[in-house]
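Participant: Structure incoming, see below.
The values are calculated or read from the model by the stated rules, or taken from the named source; none is laboratory data. Note that the structure is predicted; figures quoted are calculated from it, not measured. With ideal geometry, Cβ positions are generated from the backbone for all residues, glycine too; neighbour counts draw on all protein chains shown. Only protein heavy atoms, including side chains, enter the accessible area calculation; ligands, DNA and RNA are left aside. Shrake-Rupley method; radii C 1.70, N 1.55, O 1.52, S 1.80 Å.
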Amino acid sequence: MPMIGFMRLMALATAVAMVTTMSVSAAEIHVMSGGAPKEVFALLAPKFEQQTGNKVKFTYAVITELREKLGAGATVDVLVLPTPVLDSLAKDGKVRADSRAIFGTVGISVVVKEGAPRPDISSKEKFRDAMLAARSVVHATPGKTPSGTHMGKVMEQLGIADAMAKKVIFKPALDGGAQLVATGQAEIGIYPASEVAGVKGLTVVGPLPADINLEIVYGAAATTDSTAPNATSAFVKFMAASENRPVRKESGFKPPTNLNAD
């Protein structure tokens, strides 16, 4: 066989071997997550899949629903949740503590429809006045998500829970709450910054005043019963990597204070 033909044959064989190896080693990773990191994953997951050959399947739900799914025996490889929830799951032996990584911290933002007047939320008192003046307000359901629970407490703290009861709509951003603001069906929305960062038709007024805001630290961990431990660990490390910090920041996440984000 001529040398050139032999070299071409060897190159073809090598390429086939590489493709075969990738197809054999590639895994499908099932990620179950709260809604806050959804925009981050939309931007970074295709890059991870391209680099590794692995495929990623996402299930998004409010935290109480995720707990119910896990309790019912749902099979999942990676959990992405607020760190206190991950801590609890680690104690229960559901996730591998050595696989955990922190993505960042997300605060709560106030949004209005694009082009609508921006309420003054520069202080706790101004925010209270804006709530009382609003025609309608939408945020997640208290008891279902950290932000929804927090907002229920804030309304009580400000002494306006009764006044707001008739005008508050309880709807998580995942279930279309942000779209209610974008379409004008609700005047003001209050959600984690990452859940409204990529929603068209919205204007982010700003974060809640510091003395009534909530900083939620989000992280991820591989489950103990994952059938692809190497792939899941690689996914967690990739999403929390330093080089991906700009994407996380653009999507509403900040490096957590006093914690190693990477």
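Participant: For the range 37-58, give me each residue that is open to solvent by 30 Å² or more (accessible area, probe 1.4 Å) and either assigned to a strand (DSSP E or B) or in contact with a His (Cβ under 6 Å, 6 or more places away or on another chain) (or both).
Facilitator: Scanning the range 37-58 gives K55, K57, F58.
Participant: Among (1) touching a strand residue (DSSP E or B) at 6+ places or on another chain (Cβ under 8 Å); (2) at pLDDT below 95; (3) in a loop (DSSP other than H, G, I, E, B); (4) under 18 Å from V110 (Cα atoms), where does S226 come up short?
Facilitator: (4)
Participant: Looking at (1) within 18 Å of the chain's Cα centre (by Cα); (2) under 21 Å from T223 (Cα atoms); (3) at pLDDT 95 or above, which one does L86 not meet, given that it meets all the others?
Facilitator: Here L86 meets the rest and fails (3).
Participant: How many residues are out of contact with any Leu (no Cβ under 9 Å at 6 or more places or on another chain) and either in a loop (DSSP other than H, G, I, E, B) or open to solvent by 20 Å² or more (accessible area, probe 1.4 Å) (or both) if we restrict to the range 133-144? Explain how you work it out, then say what you get.
Facilitator: Of the residues in the range 133-144, the ones out of contact with any Leu (no Cβ under 9 Å at 6 or more places or on another chain) are 133-135, 137, 139, 141-144.
Checking the rest, the ones that are also either in a loop (DSSP other than H, G, I, E, B) or open to solvent by 20 Å² or more (accessible area, probe 1.4 Å) (or both) come to 133-135, 141-144.
Number satisfying all stated conditions: 7.
Participant: Looking at this structure, is L86 open to solvent by 60 Å² or more (accessible area, probe 1.4 Å), hydrophobic (A, V, I, L, M, F, W, C) and closer than 30 Å to D211 by Cβ?
Facilitator: no
Participant: Something else now. Is it the case that L208 is at pLDDT 95 or above, open to solvent by 10 Å² or more (accessible area, probe 1.4 Å), over 14 Å from the mean Cα position of the chain (by Cα) and not basic (K, R)?
Facilitator: no
Participant: Can you find a residue in the range 109-128 that is surrounded by fewer than 17 Cβ atoms within 10 Å (Cβ to Cβ), at pLDDT below 95 and of a type outside the set (K, R)?
Facilitator: Checking the range 109-128: not a single residue is surrounded by fewer than 17 Cβ atoms within 10 Å (Cβ to Cβ), at pLDDT below 95 and of a type outside the set (K, R).
Participant: State which residue is nearest to T203 (Cα to Cα) when the search covers only the range 70-82 and only residues that are open to solvent by 20 Å² or more (accessible area, probe 1.4 Å) and outside any loop (DSSP other than H, G, I, E, B).
Facilitator: L70
Participant: Hey, another quick one. Just for the range 150-199: of the residues that are assigned to a helix (DSSP H, G or I) and among the acidic types (D, E), which one is surrounded by the most Cβ atoms within 10 Å (Cβ to Cβ)?
Facilitator: E195
Participant: Then there is this: Please list, ordered by first then second residue, the pairs with beta carbon atoms under 9 Å, 6 or more apart or interchain, first in the range 110-130 and of a type in the set (S, T, Y), second modelled with pLDDT of 95 or more and not in a strand (DSSP E or B).
Facilitator: That search, which allows pairs on different chains as well, returns S122/P209; S123/P209; S123/D211.
Participant: Name the single residue that is surrounded by the fewest Cβ atoms within 10 Å (Cβ to Cβ) among those in the range 17-36 being of a type in the set (V, I, T) and modelled with pLDDT of 60 or more.
Facilitator: Taking the range 17-36 and keeping what is of a type in the set (V, I, T), we get 19-21, 24, 29, 31.
So of that shortlist, the ones also modelled with pLDDT of 60 or more come out as 29, 31.
Working: I29: 26, V31: 22.
Checking each candidate, the answer is V31.
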